[in-house]
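Participant: Before anything else, here's the structure in question.
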Amino acid sequence: MNRLTTRICAATAGVAACGAILTGCSSGQITQTSTQKSGVNGMSANINNIALRNVYLNASQSRDFLQPGRTVPLVFVAANDSADFNDRLLAVTSEVGEVDLTGDTVIPANRALIVGGSGDEVSAMGSATPVGADVTLAEPITNGLSYKFTFEFEKAGKATISVPISAGE
C-alpha cells in the first residue's frame with residue numbers, strides 16, 4: 001500500500017508540474033508581441049504632442065538611383081494628441097532636397113493631418129484641402145537607405161528622423 005501511495009503522489013506531482021509549465025508559457029512581462037512593429041513602409045516618431053506615423057518617400061525606382069531634379073512626394077500622418085491645443089506644421093527640411101509644403105498645415109486638437117495621402121484618406125479625416133509635401137531632389141537617392149528629414153511644428157518643436165523610400169506596391 002505504501003508503494004501505491006508513493007506512485008499516486010508522484011503521478012499527481014507530475015501532472016501538477018505539467019499544468020504549471022503549460023500555463024506559465026503565456027504569463028510574464030515579456031511577450032513575443034510586445035515588440036512587434038506595425039506593417040507599414042515608413043518610420044514613426046513622437047515630437048511632444050505630435051505623433052508622426054508612416055513617414056516615407058513615395059517613389060518608384062527603375063534605375064540604380066533617383067536622380068537630382070526629380071520631384072517625389074513625402075507621405076506621412078501627423079496626429080495631434082493634445083486635447084486642448086491646435087498645432088501647425090511649419091516646415092520640413094532635408095539635405096537630399098527642398099521640401100515644398102502645399103495646403104493648410106494646421107493640425108486641430110485630437111485630429112490628424114494626412115500629407116500626401118489619397119483623396120479618400122484625406123476626406124475620411126475631415127480635411128477640406130489635401131496637403132502635399134513634394135521633395136525636389138538635390139542629390140541622388142536609392143531604395144534601401146534612409147534619409148534625414150527635420151519636421152518643425154509651431155508648438156511641438158522640431159525633430160529629425162530617418163525616412164526610407166517606399167518599396168512600392
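Participant: Suppose we filter GLY97, GLY119, GLY103 for residues that are modelled with pLDDT of 95 or more and over 16 Å from GLY42 (Cβ atoms); which single one remains?
Facilitator: On the way: GLY119 fails: modelled with pLDDT of 95 or more; GLY103 fails: modelled with pLDDT of 95 or more.
Only one candidate qualifies: GLY97.
Participant: Which of the residues spanning the stretch 62-83 are of a type in the set (A, V, I, L, M, F, W, C), part of a strand (DSSP E or B) and within 30 Å of ASN48 (Cβ to Cβ)?
Facilitator: If we filter the stretch 62-83 for residues that are of a type in the set (A, V, I, L, M, F, W, C), which is where we start, we get 65-66, 72, 74-79, 83.
So of that shortlist, the ones also part of a strand (DSSP E or B) come out as 66, 72, 74-79.
Those that are of a type in the set (A, V, I, L, M, F, W, C), part of a strand (DSSP E or B) and within 30 Å of ASN48 (Cβ to Cβ): VAL72, LEU74, VAL75, PHE76, VAL77, ALA78, ALA79.
Participant: Checking GLU152 against (1) modelled with pLDDT of 95 or more; (2) farther than 24 Å from ASN46 by Cα, which single condition isn't satisfied?
Facilitator: (2)
The values are calculated or read from the model by the stated rules, or taken from the named source; none is laboratory data. Everything numeric in this text was worked out from a predicted model, so none of it was measured. All Cβ positions, even for glycine, are placed from backbone atoms using ideal geometry, and neighbour counts span all protein chains on display.
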